[in-house]
């Protein structure tokens, strides 16, 4: 008999299941229980959907306790599906003129998220950055840093490659806003001036002309113990980290000499 063959038996069972699903769908019934009407936009009724959700939550929790990612499902496919859902959701919200994060409020002018979501994200980023800095780690990725640097050697090297593109984009934005006679900082109308009155005052109050004698930041020189070769001067601990990474040196193989300007020494706090 054909049902003694497991392959044929499974194929017959699949065929019966497909026919049953199509019949119930044609009758406008839940394709699982065949008793109730399906939920709006779904193929299952609310009762079957809730049972399915409960079973999925229980299975996911068991897999989570066992340390499996994505509830034990295939990691690559789940990540790919999640990324596609995120892109689709972001595209739909952008086309609808809504915040791409919450999908409820209008985004700020020239942005993609609303003011509330932006403030929440910035607060979370500041808290994460402060925690990493307090523990002596890179403020971006959490890796170990060298000395007083705010980023690790890897992030510093990536920023060095990104800086020319960022500067080019900043120059293009500046010239575009100047040609449009708007403020180069906020984009408001500025007439023949480069900045509007509010941004011009803020720029002046933060300038050295207003604050008096400038306090220049310290500079650093990396000296190799073995050869006496000097690398520098460098403007920040991030550049020190980049120098060590590029020269393939460890912190124990060099001395970092800090050159602090006289003004900074005179105005520094006594502690």
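The values are calculated or read from the model by the stated rules, or taken from the named source; none is laboratory data. Not measured: the values here are computed from a predicted model. All Cβ positions, even for glycine, are placed from backbone atoms using ideal geometry, and neighbour counts span all protein chains on display.
Restricting segment 166-197 to residues that are surrounded by 13 or more Cβ atoms within 10 Å (Cβ to Cβ) and assigned to a helix (DSSP H, G or I), which is farthest from the chain's Cα centre (by Cα)?
Once the filter is applied, the top-ranked residue is 178.
Restricting to segment 107-125, give me the number of residues that are loosely packed, with under 11 Cβ neighbours inside 10 Å and free of Cβ contacts under 8 Å to residues at least 24 places away in the same chain.
Looking only at segment 107-125, we keep the residues that are loosely packed, with under 11 Cβ neighbours inside 10 Å, and these are 109-110, 122-124.
Then keep just the ones that are free of Cβ contacts under 8 Å to residues at least 24 places away in the same chain; that gives 109, 122-124.
Total satisfying the criteria: 4.
Which of the residues belonging to segment 1-26 are part of a loop (DSSP other than H, G, I, E, B) and surrounded by 11 or more Cβ atoms within 10 Å (Cβ to Cβ)?
Taking segment 1-26 as the starting set, the residues that turn out to be part of a loop (DSSP other than H, G, I, E, B) are 1, 5.
Listed by number, the list holds a single entry, 5.
For segment 141-150, give me each residue that is under 18 Å from the mean Cα position of the chain (by Cα) and either modelled with pLDDT under 85 or part of a strand (DSSP E or B) (or both).
Looking only at segment 141-150, we keep the residues that are under 18 Å from the mean Cα position of the chain (by Cα), and these are 141-143, 150.
The answer is 150, and nothing else.
Can you say whether residue 79 is out of contact with any strand residue (DSSP E or B) (no Cβ under 6 Å at 6 or more places or on another chain) and in the same structural domain as residue 122 (by TED's automatic domain parsing), as far as the supplied structure shows? Walk me through it before giving the result.
Details: out of contact with any strand residue (DSSP E or B) (no Cβ under 6 Å at 6 or more places or on another chain): yes; in the same structural domain as residue 122 (by TED's automatic domain parsing): yes.
Spelling it out, residue 79 is indeed out of contact with any strand residue (DSSP E or B) (no Cβ under 6 Å at 6 or more places or on another chain) and in the same structural domain as residue 122 (by TED's automatic domain parsing).
Does segment 38-53 contain at least one residue that is surrounded by fewer than 11 Cβ atoms within 10 Å (Cβ to Cβ) and either over 28 Å from residue 73 (Cα atoms) or in contact with a helix residue (DSSP H, G or I) (Cβ under 9 Å, 6 or more places away or on another chain) (or both)?
No, that holds for no residue.
What are the residues in segment 151-165 that are under 20 Å from the mean Cα position of the chain (by Cα) and loosely packed, with under 12 Cβ neighbours inside 10 Å, if any?
Keep residues of segment 151-165 that are under 20 Å from the mean Cα position of the chain (by Cα), which gives 151-163, 165.
Matches in segment 151-165: 161, 162, 163, 165.
Residue 74 passes all but one of (1) out of contact with any helix residue (DSSP H, G or I) (no Cβ under 8 Å at 6 or more places or on another chain); (2) modelled with pLDDT of 90 or more; which number fails?
(2)
Just wondering, is there one or more residues in segment 232-244 that are in the same structural domain as residue 257 (by TED's automatic domain parsing) and part of a loop (DSSP other than H, G, I, E, B)? Write out each step before concluding.
Of segment 232-244, the ones in the same structural domain as residue 257 (by TED's automatic domain parsing) are 232-244.
Add one more test, that the residue is part of a loop (DSSP other than H, G, I, E, B), and what stays is 235-236.
Taking every residue of segment 232-244 in turn, at least one turns out to be in the same structural domain as residue 257 (by TED's automatic domain parsing) and part of a loop (DSSP other than H, G, I, E, B).
Out of segment 90-112, which residues are assigned to a helix (DSSP H, G or I) and within 17 Å of the chain's Cα centre (by Cα)? Explain how you work it out, then say what you get.
Within segment 90-112, the subset assigned to a helix (DSSP H, G or I) is 90-95.
Selection gives 90 alone.
Can you name the number of the only condition in (1) assigned by TED's automatic domain parsing to the domain that holds residue 251; (2) free of Cβ contacts under 8 Å to residues at least 12 places away in the same chain; (3) touching a helix residue (DSSP H, G or I) at 6+ places or on another chain (Cβ under 8 Å) that residue 162 fails?
It fails just one condition, (3).
For segment 224-246, enumerate the residues that are surrounded by 14 or more Cβ atoms within 10 Å (Cβ to Cβ) and more than 23 Å from residue 136 (Cα to Cα). Talk me through it step by step, then tell me what you get.
Filtering segment 224-246 for residues surrounded by 14 or more Cβ atoms within 10 Å (Cβ to Cβ) gives 224, 231-232, 234, 236-245.
Of everything in segment 224-246, those that are surrounded by 14 or more Cβ atoms within 10 Å (Cβ to Cβ) and more than 23 Å from residue 136 (Cα to Cα) turn out to be 224, 231, 232.
Criterion first (at pLDDT 90 or above, within 30 Å of residue 187 (Cα to Cα) and not assigned by TED's automatic domain parsing to the domain that holds residue 186) does residue 92 satisfy it? Working first, answer last.
On the way: at pLDDT 90 or above: yes; within 30 Å of residue 187 (Cα to Cα): yes; not assigned by TED's automatic domain parsing to the domain that holds residue 186: yes.
Yes.
Suppose we keep only residues that are under 21 Å from residue 145 (Cβ atoms) and part of a loop (DSSP other than H, G, I, E, B) within segment 199-224. Which one would you say is modelled with the highest pLDDT? Working first, answer last.
Restricting attention to segment 199-224, the residues satisfying the condition of being under 21 Å from residue 145 (Cβ atoms) are 217-224.
Within this subset, residues satisfying the condition of being part of a loop (DSSP other than H, G, I, E, B) are 217-218.
Working: 217: 74, 218: 80.
If we take residues in segment 199-224 being under 21 Å from residue 145 (Cβ atoms) and part of a loop (DSSP other than H, G, I, E, B), then 218 is modelled with the highest pLDDT.
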